[in-house]
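The structure appears below as structure tokens.
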Amino acid sequence: QVQLVESGGGLVQAGGSLRLSCAASGRTFSSYTMGWFRQAPGKEREFVAAISRSGGSTYYADSVKGRFTISRDNAKNTVYLQMNSLKPEDTAVYYCAAKGLGLTYYAGSYDYWGQGTQVTVSS
């Protein structure tokens with residue numbers, strides 16, 4: 001089992017940047033594929049990005065491709081989401097999640113979830 005805690009959210013102007021972090025408990029972090037999802041008010045949770053266990057493969061939603069970068073540091077049990085060129089439509093609660101082998105955008109495949117961190121982008 002793994003526990004996930006997100007941090008790094010906040011208020012930023014459009015065009016700005018934020019870096020989210022997700023710290024995982026346990027000694028088996030490197031055995032998990034990690035993902036970031038987001039949920040805006042009144043909308044369903046949507047996939048943002050995912051990274052393989054080694055960090056060698058990544059997968060992005062079209063809406064963030066070229067602006068967001070997912071990375072991980074297995075020595076620090078942490079996954080990151082660097083968000084650049086932020087837009088008001090990026091405003092949401094951002095969640096990190098963990099699953100076994102295989103990159104996927106499907107939220108139902110992820111077994112563990114953090115509590116989320118709020119990102120607000122003002123115009």
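The values are calculated or read from the model by the stated rules, or taken from the named source; none is laboratory data. Keep in mind that what you see is a predicted model, and the values were worked out from it rather than measured. Because the Cβ atoms are built from the backbone with ideal geometry, glycine has one as well, and the counts that use them run over all protein chains shown. Heavy atoms of the whole protein, side chains included, go into the accessibility calculation; ligands, DNA and RNA do not. Shrake-Rupley method; radii C 1.70, N 1.55, O 1.52, S 1.80 Å.
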Leaving out ligands, DNA and RNA, and with a 1.4 Å probe, what % of the accessible surface on the chain is carbon or sulfur? 45
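Which value, in Å³ per residue, describes the convex hull spanned by the Cα atoms of the stretch 1-64?
Value for the stretch 1-64: 121 Å³ per residue.
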Counting only DSSP loop positions in the stretch 51-123, the trypsin sites (Lys or Arg not before Pro) whose Cβ has at most 15 other Cβ atoms within 10 Å are Lys65, Arg67, Lys76
Could you name the aspartates and glutamates in cross-link range of Lys43, using Cα to Cα under 14 Å and dropping any fewer than eight places away on the same chain? Glu89, Asp90
Full-extension gain between Glu89 and Gln115, please, as 0.36 nm times their residue separation minus the C-alpha to C-alpha distance. 7.3 nm
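So with the 1.4 Å probe, I'd like the accessible area per residue for the stretch 7-123, rounded to whole Å². If you can, show how the numbers build up before the last one.
Working: 5850 Å² over 117 residues.
Per residue, the stretch 7-123 has 50 Å² of solvent-accessible surface.
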Out of Gly102, Gly42, Gly55, a Gaussian network model of the chain with alpha-carbon springs under 10 Å gives the largest mean-square fluctuation to Gly42
Placing +1 at every Lys and Arg Cβ and -1 at every Asp and Glu Cβ, with all other atoms neutral, what dipole size does the stretch 66-123 have around its Cα centre, in debye to the nearest 20? 120
GNM flexibility winner over the chain from Val79, Val12, Val48 (Cα, springs under 10 Å): Val12
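Divide the volume of the convex hull of the Cα atoms of the chain by its number of residues and quote the answer in cubic angstrom per residue. Spell out each step's value before the answer.
On the way: hull volume 11.0 nm³, N = 123.
In the chain, the Cα convex hull volume per residue is 89 Å³.
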